[in-house]
Amino acid sequence: MSWINLSALWKIVVFGLIAGAGLPALFAVGITSLARGPRAARTAGADSDVLVGGSVVGAAIAVLCFLIVLAAIGWGIYEVYQIGHPATHK
Amino acid sequence: MLALVVITALCFDFTNGFHDTGNAMATSIATGALPPRVAVAVSGVLNFVGAFLSLAVAATIASGLVNTQVVTLTVVAAGLAGGIIWNLLTWLFGIPSSSSHALIGGVIGSTIAASGGSAVLWHGLVSKVIIPAVCSPIIAALVAASGTWMLYRISRNLSDSARGHGFRIGQIGSACMVSLAHGTNDAQKTMGVITLALIANGTLAKGSNAPIWVIVCCALAISVGTYVGGWRVIRTLGKGLVEIESPQGMAAESASAAVILLSSSFGYSLSTTHVATGSIIGTGLGKKGAEVRWNVAGRMATAWVFTLPSAGIVGAGAYGLAHGVGGTIGVIVDLIVLAALSALIYYRSRGTKVDHKNVNAEWKGTVAPAEPEPAAAA
């Protein structure tokens, strides 16, 4: 038995970066592309609070991003549940 | 006797939830993503759910730290008393110290007092508690800093108010994940201790998992504690360390949730407090021009180093007292002292009240915000 479990450590770093920084980045891509479009251009300026810009492509990309984020969270919770209940493993 | 220990353990779980609401919700409350009351309610519910999600950490506490053969109920009760007192003291000063370390320190202290250092599984302690305690805030800070940097980079074309709005919505999701993760890690610790007590009592076989009623009780205690809310700690985390904007809040929460969930599934009983603090510092580092208040961070780090040994000393003292008096009466004496001290600490806290109304007041270097009225005498 070693004092430090290096394989667990690097897994936590790598998956931590993917899930902890990658998913919010994807969310950021989503809201940025959602805000793109003609409506955003009209009300441009520092105070514009337009979240939905009106571009169809932008909205489609945004929905795709949000779905990936949700799916990843769901899969992550499922994995944690599987690992955390070894007794119920088939 | 067993009932007394279980009740003490549930009290600890309550202070744990109470102390740690801040980890999950401080940044959302600070950026205004969720109203304070709603935030603590949501967090309470998700803690409850999270407690059922993974049992790996409970197993570590129940059989990985001390030799279960020498542990008696008195030892467990004394250890819990140590953990509770340290939790309440740090809460009074608004220091987000680790509830986990308070508990582990207390149990180890009382075990040493009862049967010497050889009863402690030092290897388990170092590899599953101390090393994760050192690594986890650093990893969390790294993740949060890169997340923050990317979020600002990607959303640089958005106007400030649109960005603030969008990320506040995202923060609700990420804050929920932290609460869930908190349940998978912190609720487990009390389950582990109650399981340890049941093993000590001979009710359960060595190496058993936590029975279902233990899981339900612990989940309930931690979620009620969370709902009551440790406003003092929320204030230190949300306002004291870094001034937080919503993209930073989301980055910090995502980083905490990811690191805690991953570690929980490896059975590392890390401190959610350390992780959340690391993440918040990370978001300060990842954004240009943000200021990290290193003196506040330093004060916290000092408290962290002292948590294990101090709770251990209190745990050992509590064991000495209970053992000196002897038997069930000894444990009852312990609990009376514990209740008296808790009441005293609660009484002291009334003087400088922090609640959902003033939790976001501007940080002026103290936990308790200045009176809004022109108070005559300072």
Inspect the stretch A:42-62 for any residue being under 28 Å from B:LEU142 (Cα atoms), in a helix (DSSP H, G or I) and either at the interface with chain B (Cβ under 8 Å from one of its Cβ atoms) or at pLDDT 80 or above (or both) and give the result as yes or no.
yes
Helices (runs of 4 or more DSSP H) fully within the stretch B:24-123 counting 2 or more residues that are touching a strand residue (DSSP E or B) at 6+ places or on another chain (Cβ under 6 Å):
B:99-115
Out of all the residues in the stretch B:267-281, which are within 19 Å of A:LYS11 (Cβ to Cβ) and open to solvent by 10 Å² or more (accessible area, probe 1.4 Å)?
B:TYR268
If B:ILE215 passes every condition in (1) farther than 21 Å from A:ASN5 by Cα; (2) facing chain A (nearest Cβ under 8 Å) but one, which one does it miss?
(2)
Hey, B:ASN157 hits all of (1) part of a helix (DSSP H, G or I); (2) among the polar types (S, T, N, Q); (3) free of Cβ contacts under 8 Å to residues at least 24 places away in the same chain but one; which does it fall short on?
(1)
Members of the stretch B:1-17 found to be closer than 23 Å to B:VAL275 by Cα and surrounded by 24 or more Cβ atoms within 10 Å (Cβ to Cβ), listed by number
B:PHE12, B:ASP13, B:THR15, B:ASN16, B:GLY17
Name the residue, out of B:LEU262, B:LEU285, B:LEU204, that is without any contact (Cβ under 8 Å) to a residue 24 or more places away in the chain, under 17 Å from B:ILE138 (Cα atoms) and either of a type in the set (A, V, I, L, M, F, W, C) or open to solvent by less than 10 Å² (accessible area, probe 1.4 Å) (or both).
B:LEU262
Residue under evaluation B:VAL178, criteria (1) in contact (Cβ under 8 Å) with a residue 60 or more places away in the chain; (2) open to solvent by 10 Å² or more (accessible area, probe 1.4 Å); (3) farther than 12 Å from A:PRO24 by Cα; (4) more than 7 Å from every other protein chain (Cβ to nearest Cβ), criterion not met
(2)
Only one of (1) in contact with a Ser or Thr (Cβ under 7 Å, 6 or more places away or on another chain); (2) farther than 21 Å from B:GLN171 by Cα; (3) buried (at least 24 other Cβ atoms within 10 Å of the Cβ) does not apply to B:MET25, and that is (2)
Scanning the stretch B:37-50 for residues that are in contact (Cβ under 8 Å) with a residue 12 or more places away in the chain and open to solvent by 30 Å² or more (accessible area, probe 1.4 Å) gives B:ARG37, B:ALA41, B:VAL42, B:VAL45, B:LEU46, B:PHE48, B:VAL49
List, please: which pairs have Cβ atoms under 7 Å, are six or more places apart or on different chains, and start with a residue in the stretch B:126-154 that is more than 9 Å from chain A (Cβ to nearest Cβ) and end with one that is part of a helix (DSSP H, G or I) and open to solvent by 50 Å² or more (accessible area, probe 1.4 Å)?
B:ALA141/B:LEU285
Does the stretch B:72-81 contain any residue that is open to solvent by 10 Å² or more (accessible area, probe 1.4 Å) and among the hydrophobic types (A, V, I, L, M, F, W, C)?
yes
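The values are calculated or read from the model by the stated rules, or taken from the named source; none is laboratory data. Predicted model only: the values in this text are computed from it and were never measured. A quick note on method: Cβ atoms are made from the backbone with ideal geometry, for glycine too, and the neighbour counts reach across all protein chains shown. Heavy atoms of the whole protein, side chains included, go into the accessibility calculation; ligands, DNA and RNA do not. Shrake-Rupley method; radii C 1.70, N 1.55, O 1.52, S 1.80 Å.
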